[in-house]
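The values are calculated or read from the model by the stated rules, or taken from the named source; none is laboratory data. This structure is a prediction, so every number in the text was calculated from the model and none was measured. Note that we place each Cβ from the backbone using ideal geometry, even for glycine, and neighbour counts take in every protein chain shown. These area figures cover heavy atoms from the full protein model, side chains too; ligands, DNA and RNA do not enter into them. Shrake-Rupley method; radii C 1.70, N 1.55, O 1.52, S 1.80 Å.
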Amino acid sequence: MIRLVNRSLFISGAGTGIGLATAHLAHSLGAMVSGTVFSDGEIRNLDGIIPAERCFKLDVTDEIALKNAVAKAATASGGIDGVLASAGIIKLLTSEETDSNDWARILDVNLNASFNLAKFTIPYLRQRTPASIVMISSQIGLVGHRNAAAYAASKSAINGLARSIALELANVNIRVNAIAPGPVATGMTAETRANKDKYNALLERIPLGRFGTAKEIANLAAFLLSDSSSFITGQVIVADGGFTAQ
């Protein structure tokens with residue numbers, strides 16, 4: 001059974017998609033949740049889940065703001081012993097269409113911010129071991145995507161980042177893993193799902209015959225953040241309906 005009672009968790013991208021689903025699930029399992037959001041609307045999504053003093057509206061690429069948010073969350077909740085780096089963006093562009101601003105922004109949000117979140121929380125995690133860091137990768141980081149080179153590069157890098165930090169921190173009982181979701185029905189896939197031809201073409205490539213849900217990925221995140229996964233570290237766990245098994 002997954003238990004998060006008395007756990008203090010910090011979630012980036014807590015206001016939408018997988019981050020939001022994990023915040024709700026973790027709260028229901030007894031965790032004290034803090035996190036970042038990007039807009040006032042996302043703050044409203046977290047009513048009853050994250051109180052104002054632990055909910056931080058910021059751009060995760062702002063290193064100073066992110067570091068301050070982590071410090072404030074640790075103070076408000078008495079520490080941090082679990083982290084989910086789920087803030088992310090995608091732009092469907094060919095390599096020729098991807099300009100330097102697109103490239104930099106996608107890597108800043110998906111990769112650099114995940115690294116910074118881990119870096120800023122590690123000192124607090126050391127005080128609350130056993131502890132866990134989970135990063136959201138993607139199946140696209142394993143198999144590529146013809147219209148998302150920057151996104152694929154950022155998610156491939158997440159896999160190496162998670163494995164490397166896992167090796168650094170194993171001796172202090174801080175586990176680090178990545179989750180690589182396949183097609184999930186969130187805002188990130190809204191454009192594809194709105195196009196009937198693209199949607200059906202992708203659906204045909206998923207052996208389970210459907211998109212996943214944010215809650216299904218949240219279940220996996222909660223497992224990795226809990227002591228139920230106490231012997232798992234340095235892994236990239238794929239949840240994609242069988243897509244990459246082909």
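Details
- Region 162-206, Rg to Rh (Cα coordinates; Rh as Kirkwood inverse mean 1/r): 1.31
- Within-11-Å neighbourhood charge of GLY82 [Cβ basis; K, R +1; D, E -1]: +1
- Comparing region 54-113 with the 2.2 N^0.38 Å rule of thumb, its C-alpha radius of gyration ratio is 1.41 (two decimals).
- Once divided by 2.2 N^0.38 Å, the Cα radius of gyration of region 182-246 becomes 1.29.
- Computed E for LEU58/GLN246 - FRET, C-beta separation, R0 41 angstrom, nearest 0.05: 0.55
- Inter-part distance where region 139-173 and region 97-118 are each reduced to a Cα centre, Å: 13
- With Cα atoms as the point set, the radius of gyration and Dmax of the chain evaluate to 17.0, 51 Å.
- Gyration tensor over the Cα atoms of region 1-53: the corresponding equivalent ellipsoid has semi-axes (square roots of 5 times the eigenvalues, largest first) of 18, 10, 9 Å.
- Region 1-111, Rg to Rh (Cα coordinates; Rh as Kirkwood inverse mean 1/r): 1.03
- Loop-located trypsin sites (Lys or Arg not before Pro) across region 132-214 with a Cβ neighbour count of 14 or fewer within 10 Å are ARG146, ARG205, ARG210, with loop assigned by DSSP.
- Relative frequency of Cα-Cα separations exceeding 17 Å in region 121-196, percent: 54
- Accessible surface, region 1-146, averaged per residue in Å² (probe 1.4 Å): 45
- In this structure, the amide hydrogen of GLY82, modeled 1.01 Å from its nitrogen in the peptide plane, lies closer than 5 angstrom to those of SER8, PHE10, SER132, counting only residues at least 5 positions away or on a different chain.
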